[in-house]
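*Asks:* Sharing a structure below in structure tokens format, with a few things to ask.
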Amino acid sequence: RALARLVVEEAAAAAGGERGRFTLGLSGGSLVELLSRELPPALREARPEAEPAKWVVAFCDERLVPAEHPESTYG
């Protein structure tokens, strides 16, 4: 829950910045599962500035292998 609240707070702060958007890179695995479960309740309690329409979410595989590779976190 604390991570989801931090993400939402950062999103709200970024929305008021020069670009007006929040960028989040996810490496896959349990982080995606955790945030998909915890972000919706955190967003319901958030300030309007944290709206997901202003988010850019990117998939980042730190292993530098193609998505179909067995060691990719995409799977």
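*Asks:* Scanning region 13-39 for residues that are of a type in the set (A, V, I, L, M) and surrounded by fewer than 17 Cβ atoms within 10 Å (Cβ to Cβ), which turns out nearest to Leu64 (Cα to Cα)?
*Replies:* Restricting to residues being of a type in the set (A, V, I, L, M) and surrounded by fewer than 17 Cβ atoms within 10 Å (Cβ to Cβ), the top hit is Leu26.
*Asks:* Considering only region 29-48, I want to know if a residue exists there that is assigned to a loop (DSSP other than H, G, I, E, B), modelled with pLDDT under 90, among the polar types (S, T, N, Q) and out of contact with any strand residue (DSSP E or B) (no Cβ under 6 Å at 6 or more places or on another chain).
*Replies:* No, region 29-48 has no match at all.
*Asks:* Another one. Quick check: is even one residue across region 53-71 surrounded by 13 or more Cβ atoms within 10 Å (Cβ to Cβ) and part of a helix (DSSP H, G or I)?
*Replies:* The answer is yes; a qualifying residue exists.
*Asks:* What tally of residues in region 4-26 results from selecting those that are under 10 Å from the mean Cα position of the chain (by Cα) and of a type outside the set (Phe, Trp, Tyr)?
*Replies:* To start, the set of residues in region 4-26 that are under 10 Å from the mean Cα position of the chain (by Cα) comprises 4, 7-8, 11, 22-26.
Retained after the next criterion (residues that are of a type outside the set (Phe, Trp, Tyr)): 4, 7-8, 11, 23-26.
Counting residues in region 4-26 that are under 10 Å from the mean Cα position of the chain (by Cα) and of a type outside the set (Phe, Trp, Tyr) gives 8.
*Asks:* Quick check on my filter: what residues within region 7-28 are acidic (Asp, Glu) and at pLDDT below 85?
*Replies:* Correct list: Glu18 only.
The values are calculated or read from the model by the stated rules, or taken from the named source; none is laboratory data. This is a predicted model, so every value here is computed, not measured. Virtual Cβ from ideal backbone geometry, glycine too; neighbours counted across all protein chains shown.
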